[in-house]
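**Student:** Shown below is the structure under consideration.
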Amino acid sequence: MRRIIIAFLILAAGLAATNAPASEFQDMDICLGKAVVARAICKDPLEVNFVARVKDDIYLFSVFYARQEARFLVGVTDKTIRVQGKEFLKLTKTIPYHFDADAKCAVVNFSSPECPNSEPIVCCSEKTTEEKLDDKFWGRPIPDLLDEDLRRALEEYEQDQGAQEGDNATEAQPAPAQ
């Protein structure tokens, strides 16, 4: 038991020794970890379970593999993903990926010889409320946007006209006789 704990700590220190800054998108990192571990052992990402966040950019995953539970440490830096099996220490992979800052998405081109699936892995971070509203606004057809602007402008114009008529009506009334 002591050897396992020492091996785990050495493994975590080795993954953390990359000196690259941690990603600020933890949800995207977890998605990447699940997908890369699944691709490495040719499993469905839904079969890979997120266990814990070990450090800033190191995550622990588990999956049922080779008739037993297998654990994998995944380190995500700003340009690479490093996967290391805890029980299967022979499995160590460092995989580069591309991060699109505008879309807040990471794209990994990684395939395993044992797995026929070779399409790119794409994981995106959760969008903020403001970004969701922007997507909703720009996702609408332009004629709808123009109609909405025209409707709003006509309503403002009618309100202004009503206010001006009310002002003119009070000015036109003669003062009460005394």
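**Student:** Highest first, please rank the peptides 107-120, 141-154, 46-59 by the mean number of other Cβ atoms sitting within 10 Å of their residues.
**Tutor:** Listed from highest to lowest mean packing, they are 46-59, 107-120, 141-154.
**Student:** Kindly put Thr77, Thr92 in sequence by how many other C-beta atoms sit within 10 Å of each C-beta, fewest to most.
**Tutor:** Placing the least packed residue first, the sequence is Thr92, Thr77.
**Student:** Moving on. Could you calculate the FRET efficiency of Glu156 with Gln26 from 1/(1 + (r/R0)^6), where r is the beta carbon distance between them and R0 is 41 Å, rounded to 0.05?
**Tutor:** E between Glu156 and Gln26, to the nearest 0.05, is 0.40.
**Student:** How much length, in nm to one decimal, is gained on full extension between Arg67 and Glu47, taken as 0.36 nm per residue of separation minus their Cα-Cα distance?
**Tutor:** 5.8 nm
**Student:** Pairs Lys43/Lys86; Lys86/Lys127; Lys43/Lys104: which are spaced more than 23 Å apart, C-alpha to C-alpha?
**Tutor:** Long pairs (Cα-Cα over 23 Å): Lys86/Lys127; Lys43/Lys104.
Since every read-out is calculated from the coordinates, none of them should be taken as a lab result. Small disclaimer: the values here were computed from a predicted structure and weren't measured. Positions of Cβ are backbone-derived with ideal geometry, glycine not excepted, and every protein chain shown enters the neighbour counts.
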